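Take a look at the structure below.
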Amino acid sequence: MTLTLAILVPLLPFLGALAGLAAGRRAPGLVRPLAVLPTLAAAVLAVLVMVGLGPGHHLDAATQLTPTGGLPITLSFHLDGIAVLLAVLVTVVATCVQVYSTSYLREDPRYPSYAALVSLFTAAMLLVVYSGDLIVLLVGWEVMGVCSYFLVGHHWERPDARSASIKAFLVTKLGDVPFLFGIFVLASDAGTFRIDGVVAAAQTGQLPHATLAAILLLCGVAGKSAQFPLHTWLPDAMAGPTPVSALIHAATMVAAGVYLVARLEPVFLRSTAALVVLGIMAVITMIGSALCALAQDDLKRVLAYSTVGQLGYMAGALAVGDRDAALFHLITHGAFKALLFLCAGVVIHAAHTNSLTAMSRMDGLRRRVPDAYATMGLGLAALAGLPPFSGFFSKDAILTAAEHAANGEALTGGLGPAGNVPCWLGWTVLIGGLLTALLTAAYATRLWLLAFFPVRRPEQAAAPVAPTAAAAAALVSDEPAGPVEPPAMRAPLWLLAVPTLALGLVGLWPKALPAWLDGVSLTPSPVTWPIATAVALLGAGLAWLAWRRAAARVLAEAETDVGAAADPAPLLLGPLLAPARVGFGVDVFYDRVFVRPFLAAARLVSFLDREVVETYVKGAAGTPGLLGRAVRRAQNGNTQGYLSALAAGVVLLAVIVAVAQ
Amino acid sequence: MTKLATAPALDSTHGFLSPSGVEIVFVLVGLAVLGAALLTVTTKQLVHAALWLVVALGGLAIEYLLLTAEFVAWVQVLIYVGAVVVLVLFGLMLTRAPIGVSPDADSGNRWVALGVAVAAAATLVTLVVDAFRSTWIDLGTVAGSTTANGVTLFRYWVLPFEALSVLLLAALVGAIVLSRRTARDEKER
Amino acid sequence: MHLVYPAVLAALLFCVGLYGVLARRNAVLMLMSVELMLNAVNLNLVAFDVWLRDILHAGQALTLFTITVAAAEIGLGLAIVLLIFRNRGTADIDRVGRLADGDETTGDIEKESGATVG
């Protein structure tokens, strides 16, 4: 029974996608129900599957479709606590996104294909979550990559959307090639593609190439989960519609990488080198992305860098061996980040601009989007890790794990030898995590203040300065000063606010979340959580003080600097502001080192094809032409010419005959 | 059909280094003929070409005389020089040949033609010299008198002779038919 | 007389006539060159007849026939040249290339020295 429901969970959105693609033109009235209902049904079924499975149990089912001649590939499901919880998260967030999109993309002519692709994406992620076979997981992984290409490039009339979608696709694919080889190494060592087979082999120490496989897999994880150095696609992918960002870049696709490492944590725990690589990658990502988030002007880019940083947190937890903390943070982050993106959509829609500096000069935004204002506040508090929101509990679980690893007793939950987690790695993750907590609280506060607390000079109250014509028109037009959020956009916000508030408590009670995972305690340690909270409050406070200073300067220097905004970032970052704003030049570096030589090589190949190979082709075409023209001269109608040829032939024959005598 | 009466015998008194008078005159007239023929085919003045042709044909008549073929020589003068050349001159006039130098008298083919002609000349001369190296004509008795010709023509060659007259008639009629102007041409003019 | 002299003269005359046939542009000049060739043949015939002295006098008889046929031929040839001149306005052989392959238009109008073999 549970298995049947579990099969239906990915199947329903897939069928909904197919039906949506087919019905898009012919039956436009069916499109919205086909978008929302299969995903809603899948959410209900996922909950039922979770209830039906029960904590601490797992369910395996496999069937072999065709013999492959080598290692068998099976269509198998592996349902355990992690899988069912994550499936619930994915389907609930997907439902919220679909409902939100019915209003957000109401006037979009390509809404049917968009909704179908979102359903397809949901189905692929559910396949990844429920899959018990590495190759089936890979199928879901790649389908997600393709759907993300289509969805990020939804507004393909805009060049930034086009290039962002190609960039996302290429960067994730760059990670996927070593990922594929990692799967092959793993499977050839373990003798099977089944995940539980691989995990069993890892736990009994039968993986001779664990390090190699783990590092290859990490390349794919870095691409999919936007870790350094393959993180550059995520900020640019904000060119897609905001609900897409909520689904893909908050809760699901980027979570797939973390989920994979969590699933194969026993393999990673076999190899210290892989853990070190993962940990260093995580710490660099965390700190770098937090600095970049502090410097961004675009609201969505702040959230994008924030996602990268939070994923770094999860990767850090996995690096110190505690996958339960990582999964806890994955679930809470999925909820509050999706909430933040959906709120951002509402705010941007109301303000007609993405720019924070523009919003900081716009009056009345709070009144126009009160629900978004409230829920965004909740989401940002969870992001900053303030108690009692869910983010506090999950982030502190991670820091606790790092602390345990620093003390030499990594919380691995029996998945692998704890001795493979070096102490210095634990210290690094701990200190990096605390620093990132400071920066996270700072940029969350900055976002909140800039968006909703405008600072304007008195004369600007009469003639509001707006950055774009649309914003100016919105401000002076007869748009209502009251709330402008449609109900379809408001309901998902409040729905997601509930787990943002309450999910943290679930981790405290051992019979709740830990029982579903590996039984590792998720209670924050009494040493870590005060430090972390103090650090977060410090960061928020610093940001607030800097904002006050900047606001005072804006109000004071009214005459000289018309375009100033009350941005605390220059004060907080100082000389790092300019590099942080452009992502520390990683994009430029990639462009110089990879893109330009590649384009030059492509131009060279095109040149060779045109000049060298085409020349042969044209020559092959031209030669018969030349021959024809030459032969045609024999038929030019000049009788004297014909006679000359005749006479020459006769003379020649005579000579030959004479000589041959 | 050809009945060889007597084959000429090798005469030991003949030799290259002591040509007889006939031979000398023959060679000189031959040179004149060749020169006139060359001028015919190379001169750029069309009417001059016709006149040089007269010289060439006349020179050939002298050669015939030297070869004791009198009847043929006079027929040559009568018909070729008298009729054919006049016809050629008429043709030149009626086709408005330019008086004086016409620059495009030779076509672009001439180099190929030169090559072919030189090759043919070389081949033929070599063959001929090689074949007739030690052959002499006996010019003692006159071979081409009118009597002799008349006898052979009307005794052995009557049928071809009559056919020839029919041919001439056909040519005459054909020439008239080809070159007359029809009533339609008259109206168009 | 050595037979070589008339034979060589005939051969050379023939080749001169051949050159004229192939190289001259005007149709009448070409016909004149044909006459040269025919005369070379006649000389050969006469020389061989005098050398061989056969009963039929075939050489000289054939020479007479050749002269006659040549006269008929040039009469007809000139009539044809006259017709061509009337129809095409020119007696140049290069310009009457209706036998040519390719465009019909380039046959007679723009044929110049470039239209040669090889």
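All of the numbers you see were taken from the coordinates with simple rules; none came from a lab. In this text, all values refer to a predicted model and were calculated from it rather than measured experimentally. Positions of Cβ are backbone-derived with ideal geometry, glycine not excepted, and every protein chain shown enters the neighbour counts.
Peptide B:98-104 shows a mean partner chain C-beta count of 1 within 10 Å per residue C-beta. Phi angles across the stretch A:44-60 convert, under the Karplus curve 6.51 cos²θ - 1.76 cosθ + 1.60 with θ = phi - 60°, into 3J(HN,Hα) values of 4, 5, 5, 5, 4, 4, 4, 5, x, 6, x, x, x, 9, 8, 9, 10 Hz, Gly and Pro given as x. Can you check what the net charge comes to around A:L207, using other residues whose Cβ is under 10 Å from the Cβ of A:L207 (Lys, Arg +1; Asp, Glu -1)? Computed value for this residue: 0. Dividing the mean sequence gap of close Cα pairs (under 8 Å, 6+ apart) by how many residues the stretch C:27-87 holds gives a relative contact order of 40 percent. Taking all Cα pairs closer than 8 Å and separated by 6 or more residues, the relative contact order of chain A comes to 12 percent. Angle of helix B:85-94 to the longest C-alpha principal axis of chain B, folded into 0 to 90 degrees and rounded to 10: 20°.
Pairs of Lys residues in the protein assembly as shown, spaced 8 or more positions apart or belonging to different chains, with C-alpha separations under 29 angstrom: 15 in total. May I ask you to derive the relative contact order of the stretch B:35-155, considering only C-alpha pairs under 8 Å and at least 6 residues apart, and to give it as an integer percent? Once divided by the residue count of the stretch B:35-155, the mean separation gives 34 percent. Rounded to the nearest whole Hz, the Karplus-based 3J(HN,Hα) values (6.51 cos²θ - 1.76 cosθ + 1.60, θ = phi - 60°) of the stretch C:8-18 follow the sequence 5, 4, 4, 4, 5, 4, 4, 5, 4, x, 4, with x at glycine and proline.
Equivalent-ellipsoid semi-axes for the stretch A:15-79 (Cα gyration tensor, √(5λ), whole Å, largest first): 32, 22, 5. Positive contributions from Lys and Arg (+1) and negative ones from Asp and Glu (-1), summed over other residues with Cβ under 15 Å from the Cβ of A:G316, come out at -3.
Amide hydrogen proximity for A:S76: with H placed 1.01 Å from N in the peptide plane, the residues at 5 or more positions away or on another chain lying under 5 Å are A:T63, A:G132, A:D133. Starting from 0 in steps of 20 Å, tell me what percent of the Cα-Cα pairs of the protein assembly as shown lands in each bin. Cα pair-distance distribution for the protein assembly as shown, in percent: 12, 29, 13, 5, 12, 18, 10, 1.
Taking the longest Cα principal axis of chain A as reference, the axis of helix A:111-130 is set at about 70 degrees.
A cut-off of 5 Å between modelled amide H atoms, ignoring neighbours fewer than 5 places along the same chain, links C:H2 with B:I137. The modelled label-to-label distance between A:V617 and A:Q661, using points 7 Å beyond Cα along the C-beta direction, is 5.9 nm. Just to check, using Stokes-Einstein with a Kirkwood Rh over alpha carbon pairs, what's the diffusion coefficient of the stretch B:96-189 at 4 °C and 1.567 mPa s in µm²/s? Reported coefficient: 64 µm²/s. Length gained on full extension, A:L545 to A:V593: 13.2 nm, using 0.36 nm per residue less the C-alpha separation. Averaged over the residues of peptide B:56-66, the number of Cβ atoms from other protein chains lying within 10 Å of each residue's Cβ is 4. Normalised by 2.2 N^0.38 Å, where N is the number of residues, the alpha-carbon radius of gyration of the stretch A:330-460 equals 1.36.
Our Cα-only numbers for the stretch A:108-222 put the radius of gyration and Dmax at 16.9, 56 Å. Computed from Cα positions, the angle between helix A:639-660 and the longest principal axis of chain A comes to roughly 70 degrees. Couplings for the stretch B:20-27, taken from phi via the Karplus curve 6.51 cos²θ - 1.76 cosθ + 1.60 with θ = phi - 60°, read 7, x, 4, 5, 4, 4, 4, 5 Hz in order; Gly and Pro are left as x. With a cut-off of 12 Å between beta carbons, the residues surrounding A:P112 carry a summed charge of +3, where Lys and Arg count +1 and Asp and Glu -1.
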